[in-house]
Amino acid sequence: MKRIIRSPFFYVGDKYRLMPQLQQLFPRNVSTYVEPFAGGGSSFINTPAERYVVNDINFYVVELHKALSSYVGRSEELFQRLYDLIDRYGLSCSFKKSYVPSELKRKYVKTYYAHYNKEAYLQLRADFNEGHDLLILYLLLIYGFNHMIRFNSSGQFNLPVGNVDFNKNVYDAIRNYLNFMERNEVVFYNLDFAQFIDQISLDEDSYVYFDQPYLISDSEYNKNWDESEERRLCKCLDELDRKGIRFGVTNLVSHKGVSNEIFLSWAGKYFIYDISSNYISFNDNTIKKDSREVFVTNYGNAQSKTAVFLDYPKKSRKNPELYQMCLTL
C-alpha cells in the first residue's frame with residue numbers, strides 16, 4: 001500500500017487517519033477524482049487518478065490551496081517567506097531549531113508553545129484581519145488552536161493560539177503537497193456542493209467522494225449543516241447513481257446517543273461499510289465509544305486484504321440489501 005501523506009493544512013475533520021481504510025474501498029482506475037468537500041485535501045492527495053476536480057464552499061480553504069500550489073517548482077521560496085514571517089513576529093520554529101526557552105518549558109510543561117507564541121500570534125492575527133495576506137493566514141492555521149479556520153460575525157479571524165509550532169511534520173507536509181501538485185492536474189472550485197456537481201463533466205470512470213459535515217457532530221465546522229442539507233446530499237447522491245456515476249460517502253451515523261436517521265434510512269439502498277474511526281468530540285477531545293462512522297458506496301467492488309467480508313454478491317437494484325464489512329488495520 002502506498003504511504004499516506006498528510007495535508008499541509010492539518011484540517012479538522014480530514015481523513016488522513018482513515019485513508020488506509022478508505023484506499024481499500026475506493027475504486028481502481030479512476031479517470032477524474034471529484035471531491036465536493038475538499039477541506040484540507042488529505043483524501044485527494046492520497047488517491048490515484050488521471051486528474052482531480054475539487055471544491056469547497058469555504059472561500060479561504062480554496063484560496064489557501066491555490067496559494068500554496070502556486071509555489072510548485074518554487075518550494076524554497078515558499079519556505080523562506082514563511083521563515084521570514086516567523087522570524088518577523090518572533091514565533092517559535094522547532095524545525096529551524098528556534099526553541100521555547102527551557103524555563104518556560106519547565107513552568108508550562110504541556111502548554112509552553114501556547115504561552116510562548118501567544119503575543120506574536122495575536123499580532124499575526126491582527127495583521128491578517130487588516131491585510132488578508134494568505135501566507136499569514138496559513139501560519140495562523142499552523143499556530144492556531146486545532147488548526148481551524150474560524151471567523152466571527154464581523155468577518156474577523158478569531159481563532160486563539162494553539163499549543164503547536166512549525167515543526168518537521170509541517171515542513172514534510174508542505175513538500176509532499178507541492179510534489180503532488182507538480183505531478184498532477186488539479187482544478188479548484190468554490191461553490192455549493194450541488195452546484196459544483198452540476199457544473200462538471202462526469203463519465204463512468206469518474207469517482208465522486210463526499211466528506212460533508214457530519215449532521216450529528218458538535219464540531220465547529222459542522223454548525224451550518226442541518227437536516228435540509230443532509231436530505232439535499234442524499235438527493236444528489238441518488239442522482240449520481242441514476243446516471244451511473246460511482247460515489248463514496250463517509251458519515252457519522254451514531255454519536256453520544258444520537259442517530260442520523262435521515263442518512264441511515266437513505267443508505268439502506270447501497271453498500272454500507274463500517275470504518276474503524278477515532279472520531280473525537282470537539283468539545284472535550286475524547287473518543288466516544290458509541291460513535292459509529294460508515295462509508296457508503298453504489299459500486300460494491302472494493303477489495304481488501306484486511307477486510308472480513310460477509311455475503312458479498314453483486315448489488316441488486318430491484319432488491320437492495322444491506323452489506324457490512326468490518327475493517328481491521
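The values are calculated or read from the model by the stated rules, or taken from the named source; none is laboratory data. Everything quoted here is computed from the prediction, not taken from an experiment. All Cβ positions, glycine included, derive from the backbone under ideal geometry; neighbour counts span all protein chains shown.
For the reader, a short list of remarks on this structure follows.
- Residue in the stretch 20-39 that is among the basic types (Lys, Arg) and touching a Ser or Thr at 6+ places or on another chain (Cβ under 7 Å) present: no
- Some residue of the stretch 8-17 being outside the structural domain of Leu139 (by TED's automatic domain parsing), in a loop (DSSP other than H, G, I, E, B), in contact with a His (Cβ under 6 Å, 6 or more places away or on another chain) and over 23 Å from Tyr273 (Cβ atoms): yes
- Of the residues making up the stretch 181-196, not one is without any contact (Cβ under 8 Å) to a residue 24 or more places away in the chain and of a type in the set (Ser, Thr, Tyr).
- In the stretch 126-137, the residues that are closer than 16 Å to Leu159 by Cβ and without any contact (Cβ under 8 Å) to a residue 24 or more places away in the chain form no Cβ pair under 9 Å with any partner that is surrounded by fewer than 17 Cβ atoms within 10 Å (Cβ to Cβ) and among the polar types (S, T, N, Q), whether six or more places apart or across chains.
- Every pair of residues 6+ apart whose Cβ atoms lie under 6 Å, when the first sits in the stretch 259-278 and is assigned to a strand (DSSP E or B) while the second is acidic (Asp, Glu): Ile275/Glu293
- Filtered residues of the stretch 154-191 (kept if part of a helix (DSSP H, G or I) and of a type in the set (Val, Ile, Thr)): Val170, Ile174
- Per-region count, the stretch 242-258, residues at pLDDT 95 or above and either of a type in the set (Ser, Thr, Tyr) or assigned to a loop (DSSP other than H, G, I, E, B) (or both): 4
- Residues located in the stretch 186-226, provided they are of a type in the set (D, E, K, R) and loosely packed, with under 15 Cβ neighbours inside 10 Å: Asp192, Asp198, Asp203, Glu204, Asp205, Asp218, Lys223, Asp226
- Residue check, Ser69 within 19 Å of the chain's Cα centre (by Cα), surrounded by 23 or more Cβ atoms within 10 Å (Cβ to Cβ) and not aliphatic (A, V, I, L, M): no
Residue-wise test of (1) in a loop (DSSP other than H, G, I, E, B); (2) assigned by TED's automatic domain parsing to the domain that holds Ile216; (3) not β-branched (Val, Ile, Thr).
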| position | (1), (2), (3) |
| --- | --- |
| Pro27 | yes, yes, yes |
| Val34 | no, yes, no |
| Ala49 | yes, yes, yes |
| Tyr71 | yes, no, yes |
| Leu91 | yes, no, yes |
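- The number of residues in the stretch 192-215 being assigned to a loop (DSSP other than H, G, I, E, B), in contact with a Phe, Trp or Tyr (Cβ under 9 Å, 6 or more places away or on another chain) and more than 19 Å from Val62 (Cβ to Cβ) comes to 3.
- Residue tally, condition surrounded by fewer than 18 Cβ atoms within 10 Å (Cβ to Cβ) and closer than 29 Å to Tyr71 by Cα, over the stretch 101-118: 1
- Those residues of the stretch 126-153 which are in contact with a strand residue (DSSP E or B) (Cβ under 8 Å, 6 or more places away or on another chain), within 11 Å of Tyr60 (Cα to Cα) and assigned to a helix (DSSP H, G or I), in sequence order: Leu137
- Taken over the stretch 145-203, residues that are of a type in the set (Phe, Trp, Tyr) and over 20 Å from Phe247 (Cα atoms) amount to 7.
- Which numbered condition Gly248 fails, given (1) surrounded by fewer than 14 Cβ atoms within 10 Å (Cβ to Cβ); (2) within 24 Å of Tyr52 (Cβ to Cβ): (1)
- Out of Glu239, Glu230, sole residue that is surrounded by 16 or more Cβ atoms within 10 Å (Cβ to Cβ) and either outside the structural domain of Glu293 (by TED's automatic domain parsing) or in a helix (DSSP H, G or I) (or both): Glu230
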